[in-house]
Structures are given as C-alpha cells and as structure tokens.
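Any read-out appearing in this document is the output of simple, stated calculations on the displayed coordinates, not a laboratory observation. Everything quoted here is computed from the prediction, not taken from an experiment. So basically every Cβ, Gly included, is an ideal-geometry build from the backbone, and we count neighbours across all protein chains shown.
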Amino acid sequence: MFLFNQYKYYVFAVALVASFFSGVKVSGWFHDSKELATQERVREFKKHENSVATKLEERLKELKANERIIEREKLKIIDRPIYLNECIDDDGLQLLNKQRSRQDANTGKPSN
C-alpha cells in the first residue's frame with residue numbers, strides 16, 4: 001500500500017495522458033470516417049454524372065445523324081408601278097411620262 005501511495009500521482013498522470021491521447025486518436029478516426037464518407041459520395045456523384053454525360057453524348061450523336069440542312073431560296077419578283085399620282089404632282093408625272101415615251105421610242109419597245 002505504501003508503494004501505491006507514493007506513486008499514485010504518477011499513475012494518475014500517466015492515466016490522464018493516456019486517456020487524452022486515446023481521445024485524440026478516436027477523434028482522428030471519427031474525422032477520417034467522415035472524410036471517407038464524403039469522398040465516397042463525391043465518387044458516386046461523379047460516376048452518376050459521367051453516365052448521364054455518356055447517355056447525352058450518345059443521344060446527340062443520334063440526333064446529328066438525323067440532321068439535314070435544307071436551304072431553299074424563293075425568288076419573288078414584284079412588279080409595281082413606280083410613279084403614282086399620290087407621290088408626284090401632275091407636272092412631274094407629265095415629265096416622267098415624256099421621258100418614258102422617249103426611251104420606249106429609242107429602244108423600240110411599245111409604251112404602256
């Protein structure tokens with residue numbers, strides 16, 4: 001008993017230090033397990049994301065294979081009288097008609 005009384009403070013100090021370090025070790029294990037779970041979730045998410053991307057690329061290839069570009073041009077000729085009474089007054093209309101009749105006479109086309 002005498003020996004225990006003499007060293008009881010040392011035993012208590014060693015037990016205290018051992019419990020502290022064991023708590024640190026257990027805490028490390030706990031944080032490591034949380035990090036491992038997070039990494040596994042990230043890995044699963046990336047795997048799912050890659051599978052979705054692969055399916056999307058396959059679908060886009062199918063759509064591009066069916067894609068056709070058709071260009072159509074439609075020629076539209078609009079024949080409208082250029083000079084109307086509303087736009088030009090009577091004197092201007094007479095001058096334009098005279099000029100038109102001179103051009104028709106020179107080219108040999110009948111006037112309208």
(request) For LYS34, list the lysines whose Cα falls under 29 Å from its own Cα; do not include residues on the same chain fewer than 8 positions away. (result) LYS25, LYS46, LYS47
(request) Evaluate the distance, in nm, between pseudo-label points positioned 7 Å from the Cα of GLU49 and of VAL17 along their respective Cα→Cβ axes. (result) 4.8
(request) Using label points projected 7 Å from each Cα along Cα→Cβ, tell me how many nm separate LYS98 and SER27, to one decimal. (result) 11.0
(request) Please give, to one decimal in nm, the separation of the simple spin-label points placed at ILE78 and GLU58, each 7 Å out from Cα toward the Cβ. (result) 5.2
